[in-house]
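Bear in mind these aren't lab numbers, they're just calculated from the coordinates by the rules spelled out. Quick caveat: nothing in here was measured; it's all calculated off a predicted structure. Note that each Cβ is placed from the backbone with ideal geometry, even for glycine, and that neighbours are counted across all protein chains shown.
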Amino acid sequence: MITSAQRLEAGAWAQDHRNCQRDTAPVLYLDDGTEMQMPTRWVVCPVCDGAGTHVNPAIDCGGLSAEDFADDPDFAEDYFSGAYDQPCNRCAGRTTVREVDLDRLSAEHRSAYEQQTRDEAYYQAMCRAEQMAGA
C-alpha cells in the first residue's frame, strides 16, 4: 500500500520539468505508417534555460524549505555552490535543443503535427494520473 507521503513524492517527481527525455530529432508519424523528419531550428533549452546544467531532481524535486538549509549549513553551501548540479537531462549540456520550425511545414503536416503533439500530451497526462493513483 502506498502512503500519502509516497504519493506526494511520486507526484512531485512526475511533475518536475527536469525529469524529461533527452532531445531528439522530432518526427511526424503519418497515417500511412511512414515517418517524416521535421524541419527544426535551434532554441535555448527550456529545462536549464541555456545553462547546460541543473540541480539533480533527486535532491530537490519534492521541495526544500528554509529549515532544510538551517538544519544543515553544509548542505546549503553545497546546494548553492552547484555541488548537486548535473548535465541537463534535456540538452545534455549543449544549452540548446531542436524545436520544430512550424513555418517550414505545409498546412497539412502542421495540422498533423499539432494533433500528434496534443495526443502525446494527453497520453503523458494519463500516465502521470495513473502513477499518482498508484496504478
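Remarks
- Gain upon complete extension [residue 81, residue 5; 0.36 nm per residue less C-alpha separation]: 24.4 nm
- Here the gap between residue 12 and residue 103, fully extended at 0.36 nm per residue and compared with their Cα-Cα distance, gives a gain of 29.2 nm.
- Anisotropy class of the chain from Cα gyration tensor, a/c 1.5 cut: oblate
- Charges were assigned to the Cβ only: +1 to each Lys and Arg, -1 to each Asp and Glu. The resulting dipole of region 4-133 about its Cα centre is roughly 540 debye.
- Whether region 78-135 is rounded, prolate or oblate, judged on the alpha carbon gyration tensor where a/c under 1.5 counts as rounded: oblate
- Listed residue (93, 53, 26) projecting farthest to the positive dipole end of the chain, Cβ model: 26
- Among the trypsin sites (Lys or Arg not before Pro) within region 1-100, those in coil by DSSP and having at most 14 neighbouring Cβ atoms inside 10 Å are 22.
- Cβ-isolated cysteines (cut-off 4.7 Å), the chain: 20, 61, 127
- The value of relative contact order for the chain, using C-alpha pairs under 8 Å at least six residues apart, is 36 percent.
- Farthest towards the positive end of the charge dipole of the chain, among the residues 42, 109, 4, is the Cα of 109, using unit charges on the Cβ of Lys, Arg, Asp and Glu.
- Percent RCO, i.e. relative contact order, over region 46-109, from Cα pairs under 8 Å lying at least 6 residues apart: 48
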